[in-house]
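The values are calculated or read from the model by the stated rules, or taken from the named source; none is laboratory data. Every value quoted in this text rests on a predicted model; they were computed, and no experiment measured them. Note that we place each Cβ from the backbone using ideal geometry, even for glycine, and neighbour counts take in every protein chain shown.
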Amino acid sequence: MKRFIQVTAFILALAFIPLAACADRLDDSTLLSFYADSVIFGDSRLQAFRRYVQQMRETDETFLKTLAIAPAESISLYAASMGISSDDIGFNYRGGRTMYSIAERVHARKVFIMLGLNDPVGIKADKAVAWIIKIINWMGKVVPDAEVYFFSETPVTKNYGVKKNRPNYQTQLDAYNEILKETCEQNGGHYIGMAEAFKGEDNYLKEEYSTDNICHLNNDGVAVWIQCMKDYAQEQYDLGLWDPYAKEEETAEPADNAE
Amino acid sequence: MTKKILIILTALLFAVTAALAEETLPEKAKRILQDWETLIPLNEDDLLDYINIDREEYTDFACLTVDKDLIETEDTAREVFVLRAADEDAAQSIAKKLEEYRQWRLHANRNYNPESYRQLEQAEVLREGLMVVLSVAAPDPDEAELLLQEE
């Protein structure tokens, strides 16, 4: 009998541990502070993100307030990695035209990247490995204290394959995301997986998340993106890798985009 | 003496009323822009971050970009910028920066968004006195001129 009670108590205790962990869900504002004093680079998908954040800030001016959002509509992962800035391509943020100059300019604590749509990386996965490593290494030189994070490539709709004559592109994107994850882990970067959150049962981007039924995101799609960002921050907290309550170290130069 | 005081008070009343009635640029934009409801306002941070226009350079502004969730195409460059500069030098500076911004968007869209490219190519930065306007893809061809006019 005594043994039975002991075993039952042990099992009950084990059952309560995950419940206790889940109970410590941080609030949205705290979760989004993970992205404070940082910069995010991206292509036209980030334009949608930027518009969404602008709308959110109409009612909540603190929403991702110190996240510098730097989209460049048609930029490729390749061009961004090479620090290429010409008349035709390049970022444009506070006078900076490359990811590296902008990250340095804003004293980014973290650098987030959403690029690959315009390469397109699904069919250039092997070459993309070198570009990803280049970004991690180059950022390490210009903002040595910053961590570099790559978002997984968002899925495309079935219509993308028809429009672009790439019927297997989603499968190629899935493979690319695995390569991206592995490359990040092996080279000091971080991978934020979120592709699955956008997909329907057919493994494609849900049309309800897209403006053009090809690859661009609407507000509902960006809301999913933001949720994935919160989930990632929660995961980092749960793993003990991030403490939102830790006092920041005083630095000689405060971030340009902090107010 | 009483008559003089009355005249002065009446003049003051008119001046205050006129000042209160002066239309702000956001109000003006709302009145003039036919597609106002499909546009999202930009704020001072956006002007600084993306166009490098400093807060000290203007006294009033209305800047809007299209909400692509409310329209049927990704291929549009619809945006509106109207600013009242702080002085002549600032007006010149703002006009230059808006033109640089237009060029940047023009080149970014050249190979991918033909309609956006066409719209940006046709747009022009206009300046009259302290007012500076860049209107892209306006549904009303007179939009820029209307925004430029000071009442």
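Things worth noting here:
- Whichever residue in the stretch B:101-116 is under 21 Å from the mean Cα position of the chain (by Cα) and in contact (Cβ under 8 Å) with a residue 12 or more places away in the chain and, among such residues, is nearest to B:Asp54 (Cα to Cα): B:Tyr101
- Residue selected from the stretch B:95-104 under the condition more than 9 Å from chain A (Cβ to nearest Cβ) and among the hydrophobic types (A, V, I, L, M, F, W, C), by the criterion surrounded by the fewest Cβ atoms within 10 Å (Cβ to Cβ): B:Ala95
- Among the residues of the stretch A:81-95, the ones that are at pLDDT 90 or above and more than 10 Å from chain B (Cβ to nearest Cβ) come to 2 in all.
- Within the stretch B:105-129, tally of residues that are part of a helix (DSSP H, G or I) and either away from chain A (no Cβ under 12 Å) or within 20 Å of B:Lys68 (Cα to Cα) (or both): 13
- The set of residues from the stretch B:50-94 being hydroxyl-bearing (Ser, Thr, Tyr) and within 14 Å of chain A (Cβ to nearest Cβ) comprises B:Tyr50, B:Thr65, B:Thr73, B:Thr76, B:Ser93.
- Residue satisfying condition, being assigned to a helix (DSSP H, G or I) and either within 19 Å of A:Gly193 (Cα to Cα) or among the small types (Gly, Ala, Ser) (or both), within set A:Ala108, A:Ala79: A:Ala79
- Meets criteria (surrounded by 17 or more Cβ atoms within 10 Å (Cβ to Cβ), more than 14 Å from every other protein chain (Cβ to nearest Cβ) and assigned to a helix (DSSP H, G or I)) for A:Ile132: yes
- Residue selected from the stretch B:33-49 under the condition in a helix (DSSP H, G or I) and surrounded by 20 or more Cβ atoms within 10 Å (Cβ to Cβ), by the criterion farthest from the other protein chains (Cβ to nearest Cβ): B:Leu47
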